[in-house]
Amino acid sequence: MTKLNQFLLMLFMLVVLAVVPLVTHDQYHLYILSRIFIWGTMAVSLFLTIRTGLFNLGHAAFMALGAYISAILVTKLSVSFWVTLPIAGIMSVLLSSLIGIIMIRLKGMYFVLVTASLCEVVKLIIASFPKYTGGYSGIHGIPAPEIFGIDFGGKIAFYYLVLFFMAISVIFCHRVWHSEIGRIFRGIAANDGLSESVGIPTVSYKVMSFATASFFASLCGSMIIHLSGTIDPLMFGSVASVNSFLYMVVGGIGSIFGPLIGAAVSILIEEVFRFMLQFTPAIFGAVVIVILIFLPGGIVTFPKRLGDLLRL
Amino acid sequence: MDIRYLFQMVLNAILAGSIYSLIALGFTLIFGIARVLNFAHGEMYMMGGFIAYYSIVKWHMPFLLGVAVASLGMAVLGIALEKVLFRPIRLIRPLEMDTETEFPTVVVALALALIFPPIAVAMFGTTEKGVPSGIEGVMPIGPALISKERLTIAAIGLALFLGLFLFIRYHREGRALNAVAQDRVAAILQGINLDRASSMSFAIGLGLAGAAGGLLAPLYYVDPTMGPPALLKTFIVVILGGIGSVPATLLGGLLFGFIEVFGRITLGGNLPMLISFLLVMVFLIIRPRGILGHD
């Protein structure tokens with residue numbers, strides 16, 4: 001696909017998504033789409049770190065950070081959503097840089113295990129301070145954001161807010177990915193030592209990639225609690241991290257739009273099989289394995305795969 | 001602190017530590033030989049617990065036989081999973097990336113971790129199940145009275161660990177495993193069958209997880225949600241102990257056992273877990289490859 005075609009396709013998709021609320025007023029549809037936008041942003045930002053060669057399985061730890069900063073400030077101190085959002089973002093950049101500097105020195109498996117433990121540990125920390133975080137029962141009745149008199153509590157207004165947020169985030173990640181920095185990220189993933197030897201400060205770039213992803217994760221956290229209206233630590237355990245990772249893989253890690261498509265398809269699958277109650281995760285797990293076997297490059301490679309099959 | 005109480009706590013710590021090191025040893029074995037980070041390892045521990053529950057409570061087997069059945073059952077499942085899923089998928093490479101961990105197998109392991117708990121719920125229900133070991137009575141050791149049940153479990157855990165250590169160190173097949181873990185290419189050139197070694201690592205790894213599930217069943221309840229916490233503990237033990245050294249895994253496991261047991265009585269709640277994680281981070285800053293670990 002040429003650059004222009006890609007741009008036009010993106011624009012077309014955005015326009016289609018923008019007119020959805022005019023066509024359907026079904027709150028449920030808008031809710032599902034809003035979830036897709038938030039989790040899609042999670043998956044796209046995770047994509048940046050994974051493709052830098054950092055096997056991060058604790059992405060939701062920073063989602064929890066952003067979510068709790070927002071929730072506590074909004075409910076306990078009545079701070080506006082528009083103030084808490086940047087605070088959550090800045091805090092997560094600071095903290096993730098600090099943690100990143102420590103963790104990025106870890107090699108291979110140790111990095112995976114520490115990041116995977118990190119999200120569970122964050123969950124335990126949250127549960128250990130019930131005075132501020134509400135413990136396992138969480139915080140309820142998080143008010144909807146408001147600006148210029150538009151109440152974002154209405155699903156339609158909030159839908160536009162989340163759509164705008166996703167568009168900005170994905171465009172930002174896309175620009176980073178196709179810039180000099182993105183090329184360095186790919187270089188580090190392809191060969192860490194070689195990148196170092198040609199003068200690239202690999203540790204700084206890894207921390208940059210990790211912090212950028214965490215920044216978006218924390219904003220996603222702030223968004224999702226205003227969507228659900230409640231917050232509790234179980235929303236952000238390893239399940240959330242694993243989900244954002246699997247959404248990314250389902251879509252495909254060959255292109256930056258893969259994770260977005262993956263999140264959309266996965267959440268739709270989950271919703272379709274919602275009637276199976278506790279079996280829903282099992283169905284999703286089975287779908288992941290099937291996709292990995294038949295479409296190793298993810299769903300984004302499906303058109304190409306189909307073309308190959310038809311030509312035979 | 002009362003000396004008898006202290007003695008009891010030390011035994012508890014050794015017991016927990018030896019079982020954790022069994023689970024962690026299986027995890028590192030599978031990683032070292034089959035190059036699979038088995039994120040479904042906690043679920044395997046959970047399934048082991050349920051098989052033990054069925055064998056002991058429903059089919060009235062003696063405790064030790066039930067644990068053996070759980071272990072064997074999981075070993076068979078391990079071979080099946082390796083042959084059907086992990087071996088073919090190991091060859092899939094979506095992208096060329098310089099990651100030490102094999103990307104697709106991690107995806108499969110994560111997917112399996114999603115698949116097993118609902119299966120457990122469907123088969124065994126959501127209620128917690130108690131498993132009686134049938135071992136009763138206490139035994140005086142020094143100043144303290146120790147329950148025979150706990151003593152037996154700790155002894156079996158340590159015996160299994162020692163047995164595996166000797167197997168890897170001295171048995172022909174075990175030394176083949178060690179060779180693969182150290183240098184895959186050299187091992188293949190020496191005529192070691194890599195597929196066979198991978199199958200065996202899965203059989204042993206899941207067998208140990210199953211045995212651990214069965215062994216701990218009389219002390220804790222068995223329920224479908226016990227996988228993820230066990231996995232987190234496994235991670236901490238693996239990081240503390242490092243990869244590639246069997247004694248270091250035991251050391252890591254015992255260290256974590258002591259932190260957990262003594263942390264729980266002095267601090268309570270989630271704090272022991274957080275302290276061990278902090279300890280892990282400090283360890284990793286000083287020694288990025290574990291206590292005794294090397295490449």
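Of the peptides A:236-245, A:178-187, A:91-100, how do they stack up when ordered by the mean number of other Cβ atoms within 10 Å, highest first? Don't skip to the answer; put the middle values down first.
Details: A:236-245: 24.8, A:178-187: 15.7, A:91-100: 18.4.
Output ranking for A:236-245, A:178-187, A:91-100: A:236-245, A:91-100, A:178-187.
What length, rounded to one decimal in nm, is gained on full extension from A:His178 through to A:Val203, with 0.36 nm per residue of separation minus their alpha-carbon distance?
On the way: separation 25, 0.36 × 25 = 9.00 nm, distance 2.02 nm.
The A:His178-A:Val203 span can extend by a further 7.0 nm.
Return the subset of A:Lys76/A:Lys155; A:Lys155/B:Lys129; B:Lys83/B:Lys148 for which the Cα-Cα distance in this structure is over 32 Å, preserving the input order.
On the way: A:Lys76/A:Lys155 24 Å; A:Lys155/B:Lys129 44 Å; B:Lys83/B:Lys148 40 Å.
Pairs exceeding 32 Å: A:Lys155/B:Lys129; B:Lys83/B:Lys148.
Think of the range A:3-311 as having a plus end and a minus end, set by charges on the Cβ of Lys, Arg, Asp and Glu; of A:Gly254, A:Gly229, A:Thr212, A:Gly254 sits farthest toward the positive end of this dipole. What FRET efficiency comes out for the pair B:Gln190/B:Leu145, r = Cβ-Cβ distance, R0 = 30 Å, nearest 0.05? FRET efficiency, B:Gln190 to B:Leu145: 0.05. Taken residue by residue and averaged, Cβ atoms of other chains lying within 10 Å of the Cβ of B:117-124 number 3.
Determine the sum of side-chain charges near A:Trp177: Lys and Arg each +1, Asp and Glu each -1, restricted to other residues whose C-beta is under 10 angstrom from that of A:Trp177.
Working: positive: A:Arg51, A:Arg175, A:Arg183, A:Arg186; negative: none.
Neighbour charge sum, excluding A:Trp177 itself: +4.
For the protein assembly as shown, with only Lys/Arg (+1) and Asp/Glu (-1) charged at the beta-carbon, what is the dipole magnitude about the Cα centre, in debye rounded to 20? Write out the running numbers ahead of the final one.
On the way: 36 positive and 27 negative charges, 143 e Å.
My answer is approximately 680 debye.
Note on A:Val23 and A:Gln6: the model spin-label points, each 7 Å out from Cα along the C-beta direction, lie 2.6 nm apart.
Can you give the translational diffusion coefficient of the range A:3-311 in µm²/s, computed by Stokes-Einstein from the Kirkwood radius over Cα pairs at 20 °C and 1.002 mPa s?
Working: Rh = 20.0 Å.
Diffusion coefficient, whole number: 107 µm²/s.
Between A:Leu277 and A:Phe129, the modelled labels are 3.7 nm apart [label points 7 Å from Cα along Cα→Cβ].
Compared with the dominant Cα axis of chain B, that is its longest principal axis, helix B:3-34 is turned about 10°. Comparing A:Thr301, A:Thr41, A:Thr49 in a Gaussian network model of chain A (Cα springs below 10 Å), the most mobile by mean-square fluctuation is A:Thr301.
Largest GNM mean-square fluctuation among B:Met281, B:Met200, B:Met123, using chain B with Cα springs under 10 Å: B:Met123.
Could you name the lysines whose alpha carbon sits less than 23 Å from that of A:Lys3, not counting residues in the same chain fewer than 8 places away? Within the straight-line cut-off, A:Lys3 pairs with A:Lys304. Dimensions of chain B based on its C-alpha atoms, expressed as ranges along the principal axes with the largest first, amount to 58, 47, 36 Å.
In summary, the lysines within cross-link reach of A:Lys123, defined as a Cα separation below 16 angstrom excluding same-chain residues under 8 places away, comprise A:Lys131, B:Lys233.
Between rounded, prolate and oblate, where does the range B:1-118 land on the alpha carbon gyration tensor, with a ≥ b ≥ c its root eigenvalues, rounded for a/c under 1.5, else prolate if a/b exceeds b/c? Mind dumping the intermediate values first?
Values: a/c = 3.00, a/b = 1.59, b/c = 1.89.
Oblate.
For the peptides B:242-249, B:180-187, residues were scored by their other Cβ atoms within 10 Å and the scores averaged per peptide; the highest-first order is B:242-249, B:180-187. Legend: mean number of C-beta atoms from other chains within 10 angstrom of residue C-beta atoms, peptide A:276-282, equals 5.
So what is the calculated 222 nm ellipticity per residue for the protein assembly as shown, using -39500 (n - 2.57) for each DSSP H run with n of 4 or more, over all residues, to the nearest 500 deg cm²/dmol?
Working: 26 runs with 436 residues, N = 607.
Roughly -24000 deg cm²/dmol at 222 nm, from the helical runs in the protein assembly as shown.
If you take the square roots of the eigenvalues of the alpha-carbon gyration tensor of the range A:1-158 and sort them as a ≥ b ≥ c, do you get rounded (a/c under 1.5), prolate (a/b over b/c) or oblate? Judged from the Cα gyration tensor, the range A:1-158 comes out oblate (a/c at least 1.5, b/c at or above a/b). Note on chain B: with a GNM built from Cα contacts shorter than 10 Å, the maximum mean-square fluctuation among B:Tyr170, B:Tyr20, B:Tyr220 falls on B:Tyr170. Using a ≥ b ≥ c from the Cα gyration tensor of the protein assembly as shown (square roots of the eigenvalues), is it rounded, prolate or oblate, where a/c under 1.5 gives rounded and otherwise the larger of a/b and b/c decides, a/b for prolate? Prolate.
Spatial offset of the range A:62-85 relative to the range A:257-291 amounts to 30 Å, using the alpha carbon center of each.
Bear in mind these aren't lab numbers, they're just calculated from the coordinates by the rules spelled out. Since we're looking at a predicted model, the values are computed, not measured. Here the Cβ is made from the backbone with ideal geometry for all residues, glycine too, and neighbour counts use every protein chain on show.
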